[in-house]
Amino acid sequence: MIGHLTVILGFQLLGEVSVRALGLPIPGPVLGMVYFLLLLILRPSFANAIKSTAQGLLAHLSLLFVPAGVGVVGHIQTLGSDVGVILISIILSTIAAIVASVYAFTLTAKLMGGADD
Amino acid sequence: MTDFQDIWTYLSSEPLLWLTATLAAYIVGDSLFRASGKKAVVNPVLIAVTLLAGALMLTSTPYETYFDGAKFVHFMLGPATVCLAVPLYLNLQKVGKSIIPMLVALIVGPLTAVGTALGIAYAFGIRGEVLLSLAPKSVTAPVAMGISESIGGSPTLTAVMVILTGITGAIVCTPLLNALKITDYRARGFAVGLTSHGIGTARAFQVNETAGTFAGVGMGANALATAILVPLVLTLF
């Protein structure tokens, strides 16, 4: 458990240091994930060992957004009188983006003849 | 006997109370979510946030005091992101076979997200800093805040819009995609991660591992796509 956590934190650290050193426009943990993926590809046995720790953390991914969500409640008044319009824009645009991306994916997959499994 | 005032003084100066409260509020939200038969509308994040915001208001606790405890939970977002490598590795073949559909969606999705958000808000008369802050709303918060700052928006305002977009996507995705009769969980997950970043990805993992994996890839890829697309789309406004 502690060993797994050390590996995970180590990759995050490596990611954070790399994006700063190279000035990349992606978050450190995302690059850390890419490094971690490379390790798993090179050492497949490691995936089985760390699987339960990773899946345990991801099963409750929702929990990790709660503190930021509480922060939003305090800042919602900074939107001022625009709050209603902003909310409508966000809801409509989110629906439009989900529909557009899902069809872009499925229609391309269909054109390529790849069946979903 | 120590009176309540002394106990409260201790509790409000230590991270223990609000850390426990964050976990407890999430457990309430998650239990309601499960009791509902895992309905997307009963979003555990929204329930926990509502409970905690209410508690902070009732006890006149400032957010800084709350975050002193909650930061331990917030910190785990980084390690959790790194952990996305595990389901990605386990589903690598499936992801590899979907590269082309993902690339097409990666152009269409962020373009739609940025274009419609700016278009709709502009039509309603939103201008300036608020409009600019809205552009990167579908991207994971740290990247969105960086994009916002670089184009003249307000990072704080963007963070608020990012979270609202995440919760919206997590709530609407399942009923919306069911209504469209989309049964391909690669496409469903990817679309939700692309549009609603981490909160959408969390929802996708509640549905199944394929959806969660593709959502994680969508979230990561969109961080890069939107950083490139936003300055291009803004030249239209």
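All of the numbers you see were taken from the coordinates with simple rules; none came from a lab. Everything numeric in this text was worked out from a predicted model, so none of it was measured. Cβ coordinates were reconstructed from backbone atoms using ideal geometry, including for glycine residues, and neighbour counts include every protein chain displayed.
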query = Taking only DSSP H segments of four or more residues, each worth -39500 (n - 2.57), what value at 222 nm results for the protein assembly as shown once the sum is divided by all its residues, to the nearest 500 deg cm²/dmol?
reply = -26500 deg cm²/dmol
query = So what's the net charge close to B:Leu16: Lys and Arg +1, Asp and Glu -1, counting the other residues with Cβ under 14 Å from its Cβ?
reply = -1
inquiry  = On C-alpha positions alone, give me the angle between the axis of helix B:155-179 and the longest principal axis of chain B, in degrees, nearest 10.
reply    = 70
key: 10 Å Cβ neighbours from other chains, averaged over peptide B:218-227   = 3
key: Which of B:Gln93, B:Gly216, B:Ala191, positive extreme of dipole for chain B (C-beta unit charges)   = B:Gln93
ask   = So how tilted is helix B:99-123 from the main axis of chain B? Cα-based, degrees 0 to 90, rounded to 10.
value = 70
query = For B:182-193, what's the mean count of beta carbons from other chains sitting within 10 Å of each residue's beta carbon?
reply = 5
task = Determine, at each q value in 0.19 (inverse angstroms), the log₁₀ of I(q)/I(0) that the Debye formula gives when each Cα of chain A is one equal point scatterer.
result = -1.12
query = By what distance, in whole Å, do the Cα atoms of the range A:1-64 stretch along each of the three principal axes, largest value first?
reply = 33, 31, 18
query = How large is the charge dipole for the protein assembly as shown, taken about the Cα centre, if only the Cβ atoms of Lys, Arg (+1) and Asp, Glu (-1) carry charge, to the nearest 20 debye?
reply = 1120
query = Given q = 0.13, 0.22 Å⁻¹, what are the Debye log10 I(q)/I(0) values for the range B:39-171, with equal point scatterers placed on the Cα positions and solvent ignored?
reply = -0.78, -1.35
query = Roughly speaking, what is the centre-to-centre gap between the range A:1-58 and the range B:33-107 when only Cα atoms are used, to the nearest Å?
reply = 18
request  = Please find the FRET efficiency linking B:Phe4 to B:Ile100, where r is the Cβ-Cβ separation and R0 is fixed at 56 Å, and quote it to the nearest 0.05.
outcome  = 0.30
query = Can you pull the mean other chain C-beta count within 10 Å for peptide B:88-94?
reply = 4
Max mean-square fluctuation residue, GNM over chain B, Cα-Cα springs under 10 Å, options B:Leu194, B:Leu90, B:Leu118 = B:Leu90
ask   = Which value, in Å³ per residue, describes the convex hull spanned by the Cα atoms of the range A:76-117?
value = 68
query = Around B:Pro44, with a cut-off of 15 angstrom between Cβ atoms, what is the net charge of the other residues, counting Lys and Arg +1 and Asp and Glu -1?
reply = +3
key: chain B: C-alpha pair distances exceeding 31 Å, %   = 29
key: Among the listed pairs B:Lys94/B:Lys181; A:Lys51/B:Lys181; B:Lys71/B:Lys97; B:Lys39/B:Lys97; A:Lys110/B:Lys38; A:Lys51/B:Lys137, those beyond 28 Å (Cα-Cα)   = A:Lys51/B:Lys181; B:Lys71/B:Lys97; B:Lys39/B:Lys97; A:Lys110/B:Lys38; A:Lys51/B:Lys137
key: Cα-based helix-to-principal-axis angle, B:4-13 vs chain B, degrees rounded to 10   = 40
inquiry  = With the cut-off at 1.5 for a/c, could you classify the protein assembly as shown from its C-alpha gyration tensor as rounded, prolate or oblate?
reply    = oblate
key: Cut-off 17 Å, label 7 Å out along Cα→Cβ of B:Ala123, residues of the range A:65-87 by amide N   = A:84-87
